[in-house]
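Okay, structure first, notes after.
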Amino acid sequence: MRGMVHGATAGAAVAFVASWFLPWMAGAAAFPLLGHAFHMWYWFTFDGPGLGAGLEIVLLGLLGLVAIASAFLAAPRTAAVTAVLGAAVGVHLMLREHPGLESGPGPLVTAVALAVVAVAQALRGEVGRWSAIATAVVTALLAVATGFGASAYAAARDVDATTSSETGAVTVEAQDGALSGVTARDSATRAERWHYRARGWTFPSVKLSGDGSTVFVVALRVTEREAVAFDARSGKLRWQRALSEGSWPGPPEGPAYEFFPAGPGLVLEAGTDHVRYFDADGRESTIRLDGGCGFSAAGGVRTQYIVEQCQGRLQLFAAGQDGRHLWTTPAFEAPTGGIPVVEDKGDTVVVSTGGGTDTFDAATGKPRR
């Protein structure tokens with residue numbers, strides 16, 4: 001009997017300690033999340049868990065330590081009561097609504113570990129002798145399995161997605177709220193075809209590729225920005241990439257990336273002389289612009305057309321689906337009055353800038369009159 005109690009308690013103690021290094025919310029372990037909660041509680045942010053969550057994490061830790069220590073000090077009633085209270089706090093942390101944050105496996109593993117402690121103490125003297133080693137192994141396996149189960153639960157809880165088997169063109173719109181993402185509607189009937197929304201996203205920006213086959217979403221997710229591509233007709237996820245990584249506290253400063261569907265992929269402004277490009281399969285490459293030029297806009301259906309800004313004038317830079325440079329137009333005037341718009345007309349490409357338009361041959365880049 002003593003072997004069973006000590007083995008179960010030892011296994012639960014190991015799982016309890018290990019759980020503090022597992023993700024708790026938004027991919028953060030308990031310790032940096034705890035510091036973030038206390039440091040940022042007075043800010044109005046979309047991602048901060050707040051002082052209340054920090055106090056809950058501290059309370060859970062203290063109750064767990066008391067429960068485990070009491071069990072080994074042969075105080076079964078104290079151990080059982082504090083373990084039950086700790087398990088309840090862990091469950092509340094797992095289920096609590098945190099704006100912009102996803103639940104992780106950490107609090108659920110702590111809750112299960114403390115439940116094992118409580119059961120072991122409650123059954124003291126009531127069950128036959130077990131091997132301490134076997135019980136510890138079973139308890140550890142239970143904690144690991146619970147961690148994976150918690151991750152699956154969090155993913156199901158924090159994502160609301162549908163798909164469609166219909167065909168035909170769609171229009172897309174962003175949805176921002178507790179669950180944020182994209183809704184695709186039938187272009188003819190305006191009926192919803194599919195949607196994808198995630199709890200961890202904020203400020204989603206949604207655009208349709210030039211050929212209408214792919215939907216791109218760029219959104220903030222606490223410590224990073226994400227780009228996601230969906231099949232426009234079915235809503236099936238094609239690829240998902242982190243655009244930048246940050247650290248607690250807070251999300252990356254500034255707005256989400258400005259991005260442009262170009263060719264079959266996605267162009268993101270990355271620096272003064274280059275852009276990031278994700279192709280239709282999510283493979284990333286860097287496109288180097290002409291010397292002395294910066295990025296202004298992009299577009300295109302089959303080819304990527306990038307408008308460069310070069311010392312007060314504009315140029316049109318063309319690249320293939322592999323990101324390889326094809327041609328660059330002669331420089332032309334940059335009228336004031338807005339961001340350039342690129343229109344792929346098939347055999348020609350038109351750049352509109354506020355008060356005027358310039359037309360170029362799609363094969364050679366030579367001006368058309």
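The values are calculated or read from the model by the stated rules, or taken from the named source; none is laboratory data. Note that this is a predicted model, so its numbers are computed, not measured. Positions of Cβ are generated from backbone atoms using ideal geometry, with glycine treated the same way; all protein chains shown enter the neighbour counts. All accessible areas refer to the heavy atoms of the entire protein, side chains included, with ligands and DNA or RNA removed. Shrake-Rupley method; radii C 1.70, N 1.55, O 1.52, S 1.80 Å.
Brief remarks follow.
- Hits in segment 164-198 (condition: under 25 Å from Pro105 (Cβ atoms) and outside any loop (DSSP other than H, G, I, E, B)): Ser180, Gly181, Tyr196, Arg197, Ala198
- Note on segment 321-350: among residues that are over 30 Å from Gly282 (Cβ atoms) and aliphatic (A, V, I, L, M), the one that is modelled with the highest pLDDT is Ala331.
- Some residue of segment 155-163 being modelled with pLDDT of 90 or more, more than 15 Å from Phe230 (Cβ to Cβ) and in a loop (DSSP other than H, G, I, E, B): no
- Residue check, Gly291 in a loop (DSSP other than H, G, I, E, B) and open to solvent by 30 Å² or more (accessible area, probe 1.4 Å): yes
- Every condition in (1) open to solvent by 20 Å² or more (accessible area, probe 1.4 Å); (2) over 18 Å from Asp273 (Cα atoms); (3) in a loop (DSSP other than H, G, I, E, B) is met by Thr357 except one, and the failing one is (3).
- All helices (runs of 4 or more DSSP H) inside segment 8-127 with 2 or more residues being farther than 27 Å from Trp201 by Cβ, modelled with pLDDT of 85 or more and open to solvent by 20 Å² or more (accessible area, probe 1.4 Å): 50-72, 76-95, 106-122
- For segment 199-210, a residue qualifies if it is outside any loop (DSSP other than H, G, I, E, B) and either over 16 Å from Arg238 (Cβ atoms) or among the acidic types (Asp, Glu) (or both), and the qualifying residues are Thr202, Phe203, Pro204, Ser205.
- For segment 186-241, a residue qualifies if it is in contact with a strand residue (DSSP E or B) (Cβ under 6 Å, 6 or more places away or on another chain), surrounded by fewer than 20 Cβ atoms within 10 Å (Cβ to Cβ) and of a type in the set (Lys, Arg), and the qualifying residues are Lys207, Arg238, Arg241.
- All positions within segment 324-349 that are part of a loop (DSSP other than H, G, I, E, B) and under 18 Å from Gly294 (Cβ atoms): Thr329, Pro330, Ala331, Ala334, Pro335, Thr336, Gly338, Ile339, Pro340
- Where Thr272 falls short, out of the listed (1) under 22 Å from Val215 (Cα atoms); (2) part of a loop (DSSP other than H, G, I, E, B); (3) polar (S, T, N, Q): (1)
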